[in-house]
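Below is one structure, written out as structure tokens; the observations come after it.
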Amino acid sequence: MNKKIFYIIATPAIALSIAWLFLSFRPAPQDTGTYATMRIYENFSVVVSKIVVTYADGETEIIELGPFKYNDEYMKDNNQIMNRAMNMMAEKGYRLVTSSSSGKINSSKAVTISTHIFEKR
């Protein structure tokens, strides 16, 4: 008789303990994302060049650059802005994972597009 009472009490207690373990060890909620993309559009024209940054949470920021010209002052100024943008990403907890660039230059038009992928640390 003592064994019967033990099993009647122990079986539900063990089942409830196992269920509690499974329910209490759920994975932590995930962030909205891990990666951010920075795309730099440099146009050789009167059109203002831009940096477009999309963060892991989907927020997008646009940073204006001067026109892309083969002139030391324009190149220096734009490089300083791009450098500040890259440092801003590091300050926000991102690290650069990969970069790529493409462009087209001919007598009437020149455009370069650089893409930088960052990962949230």
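The values are calculated or read from the model by the stated rules, or taken from the named source; none is laboratory data. The structure displayed is predicted, hence computed values, not measured ones. Every residue, glycine among them, receives a Cβ derived from its backbone with ideal geometry; neighbour counts consider all protein chains shown. Remember, those area values only see protein heavy atoms, side chains included, never the ligands or the DNA or RNA. Shrake-Rupley method; radii C 1.70, N 1.55, O 1.52, S 1.80 Å.
Between Met89, Met82, which is of a type outside the set (Gly, Ala, Ser) and within 14 Å of Tyr41 (Cβ to Cβ)?
Sole residue among the options that is of a type outside the set (Gly, Ala, Ser) and within 14 Å of Tyr41 (Cβ to Cβ): Met82.
Scanning segment 42-66 for residues that are in a strand (DSSP E or B) and charged (D, E, K, R), which turns out least open to solvent (accessible area, probe 1.4 Å)?
Among residues in segment 42-66 that are in a strand (DSSP E or B) and charged (D, E, K, R), the one least open to solvent (accessible area, probe 1.4 Å) is Glu42.
Tell me which residues, restricted to segment 97-121, are modelled with pLDDT of 85 or more, β-branched (Val, Ile, Thr) and open to solvent by 50 Å² or more (accessible area, probe 1.4 Å).
Val97, Thr98, Ile113
Going residue by residue through segment 74-81, is there one that turns out to be of a type in the set (S, T, N, Q) and more than 23 Å from the chain's Cα centre (by Cα)?
no
Quick one: what pairs do we get from segment 37-61, first residue free of Cβ contacts under 8 Å to residues at least 12 places away in the same chain, second among the polar types (S, T, N, Q) and open to solvent by less than 80 Å² (accessible area, probe 1.4 Å), C-beta under 7 Å, 6+ apart or different chains?
Filtered contacts from segment 37-61: Thr60/Thr54.
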